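> Take this structure first; my questions come after.
The values are calculated or read from the model by the stated rules, or taken from the named source; none is laboratory data. Since this is a predicted model, take the numbers as computed values, not measurements. With ideal geometry, Cβ positions are generated from the backbone for all residues, glycine too; neighbour counts draw on all protein chains shown.
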């Protein structure tokens, strides 16, 4: 690996999926070392960063997500977006890779319907096409590189869900700072079905992609 703070395999893999799996395992291990307090603090800082993005400030509808264990917390961001009067859409997971969305009401309303799944709102589901209403879409990631390649959890949920996004909607990946990779030295693996994202936000800054670094 390339280092404790930014793991990247030094060995070669014949299959892209093997490289992705190695990266996911290393990044998850690094994330697991953060305490809940540090993840919440990171969530506050990420919320501050995201709210400075013009597309988010101007958006009427923002699609986001509820963070799971070891991810940067998104709960502060959800509350801030709601307080600003924006409609906030959250994923609702059906059987298999079924995609759906529902409107965020409050943090207190969120419920975890199955172990390991992200918490979901109790409001009525709106169908996968509801994402087309979003002006900005905040997506989870394990890592992002400067070309806009996003390493997800491996289920392909967002790559399929984003097919319903409008072309002018800004997609923003949220990560810890060390999970942003310069493609000149550590380009993340991308397959044909992997959709690039438009911007990256961390605890310290955000920028449009492609770029050379944060």
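> Scan segment 203-214 residue by residue and report those that are touching a helix residue (DSSP H, G or I) at 6+ places or on another chain (Cβ under 6 Å) and under 24 Å from residue 168 (Cβ atoms).
The answer is 206, and nothing else.
> Just wondering, is there one or more residues in segment 142-152 that are closer than 24 Å to residue 61 by Cα and surrounded by fewer than 16 Cβ atoms within 10 Å (Cβ to Cβ)?
No; the residues of segment 142-152 include none that is closer than 24 Å to residue 61 by Cα and surrounded by fewer than 16 Cβ atoms within 10 Å (Cβ to Cβ).
> Here's a follow-up. Criterion first (crowded, with 21+ Cβ neighbours inside 10 Å, under 26 Å from residue 164 (Cβ atoms) and under 17 Å from the mean Cα position of the chain (by Cα)) does residue 78 satisfy it?
yes
> I've got another one for you. Being touching a strand residue (DSSP E or B) at 6+ places or on another chain (Cβ under 6 Å), at pLDDT 95 or above, crowded, with 16+ Cβ neighbours inside 10 Å and under 26 Å from residue 39 (Cβ atoms) is the requirement here; does residue 188 meet it?
Here the answer is no, as residue 188 does not meet what is asked.
> Out of 18, 45, I need the residue that is assigned to a helix (DSSP H, G or I) and more than 17 Å from the chain's Cα centre (by Cα). Which one?
18
> Identify the residue in segment 95-117 that is over 26 Å from residue 60 (Cα atoms) and touching a strand residue (DSSP E or B) at 6+ places or on another chain (Cβ under 7 Å) and, among all such residues, is surrounded by the most Cβ atoms within 10 Å (Cβ to Cβ).
Once the filter is applied, the top-ranked residue is 117.
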